[in-house]
Amino acid sequence: MQVCDGVIDWLMDGDPVIAWQAMRDLSGQPEDVWQAERRRTVEEGWGARFLEHLRPDGTWPPGRWTDTVWTLLTLIDCGLPAAYPPLRYAAQRFIDRHLTPERARDEKWLHQRMDLCHLGFWLRIGAYFLDSDTRLALLAQTVLRMQMPDGGWNCRVRNDPQTHHSSFHTTFNVLEGLELAARTGNLSMEAFRQSEVRALAFMLAHQMYRSDRTGGIIHERLTRDPRRSVAAGDGERHILCWTAHARTRPVGVRRPAPAHQ
C-alpha cells in the first residue's frame, strides 16, 4: 500500500492508539517497535482516558455507548494489550456475569433471551482478553447453528421467530466475534471460513447495499464515505472493510493476535 511519508508521519505523531497501528500496517516497523508503542496505549492518550473511568468492580459507568460492553469493544478496536491486568479483570468479570457455564450450555436461553449482536460481542470480548474458554467454544457453536439460510444473522429472530432475512449489522457483529473465536482456538478455522463464505455471499447478493427484492438502496447511509462514519457499528464501514479484508487475505493467514505482554 502506497502512502506518502507526510501522512505516515502525521499518523505516528498522533495518539498511541493510531501510532502503533500506523507503525505496524503502514511503515513496516519491526514488531518490537510497534509493540512498544502499543504498550503506551494504557499509559497515555485515549486508552488511558478510558481506563481513568474504569471502576474498582471492573465496569464502566452505564450509559448509551459508554457502558462496559461498548467500552471493551472500543478498546479492542484501539488494540490495547489484552493482558493488561485491569482490562483482563474487567473482561473476566463481564464474561463471568453474562456467560455463566449454565447459560453457555443452554441454547434455548441464548436464542430466546439475547440478541445475536450481543452474542457476537461476548465472543469477541472473551476471545480477545481471555483466549480459549469452554464457555466461548459452546457459544461459538450455538451462534454457528443460528446462521440463517440466506447466509447471515439477524437479531430480530429473538422477538420474531418468523424472521427469514438476515441483517447487515448483525452479520458483521457476529462475524467479528466468530473470527476472533477461531483465531484463539474456541472454534475451528475451517468451520469459521465455511460460515464466513456464506455470509459474504449474502452481502454480495445485495451488491453490498441494495435490496435483493427491489434493487433499491437499503438506506442512504450505506452510500456515504465510510471514512466519515463515526457511529459504532456502522454497516457501511463494516461492509467495505470486511469484504476488502476477506478478499485480500489468503486462506489460513491470520491477522496479528491480541497483545499478551
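Laboratory data are not the source of any read-out in this text; all were calculated from the coordinates shown. These numbers were taken from a predicted model, which means no experiment stands behind them. Neighbour counts are summed over all protein chains in view; Cβ atoms, including those assigned to glycine, are modelled from backbone coordinates with ideal geometry.
Here are the numbers for the structure shown:
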{"read-out": "Rough spin-label spacing in nm, given labels placed 7 Å along Cα→Cβ, for R145 and M189", "value": "2.6 nm"}
{"read-out": "Packing-based order for 49-58, 7-16, using average beta carbon neighbours within 10 Å, highest first", "value": "7-16, 49-58"}
{"read-out": "In sequence order, calculated HN-Hα J values of region 124-130 (Karplus, 6.51, -1.76, 1.60; Hz; x Gly/Pro)", "value": "5, 5, x, 5, 5, 8, 10"}
{"read-out": "Under the Karplus curve 6.51 cos²θ - 1.76 cosθ + 1.60, θ = phi - 60°, whole-Hz ³J(HN,Hα) for region 141-153, x wherever Gly or Pro sits", "value": "5, 4, 5, 4, 5, 8, 5, 7, x, 7, x, x, 9"}
{"read-out": "Length released on extending from E220 to E52, taking residue separation times 0.36 nm less the Cα-Cα span", "value": "56.7 nm"}
{"read-out": "D25 versus T66: modelled label distance in nm, points set 7 Å from Cα along the beta carbon direction", "value": "2.8 nm"}
{"read-out": "Derived scalar couplings ³J(HN,Hα) [region 12-20; Karplus, 6.51 cos²θ - 1.76 cosθ + 1.60; whole Hz; x for Gly, Pro]", "value": "6, 7, x, 4, x, 4, 7, 4, 5"}
{"read-out": "Paramagnetic label zone (point 7 Å from Cα along Cα-to-C-beta, T100; backbone N under 12 Å) in region 140-170", "value": "none"}
{"read-out": "Dipole of region 1-97, positive end: most advanced residue of G47, T74, A90 [Cβ charges, Cα centre]", "value": "A90"}
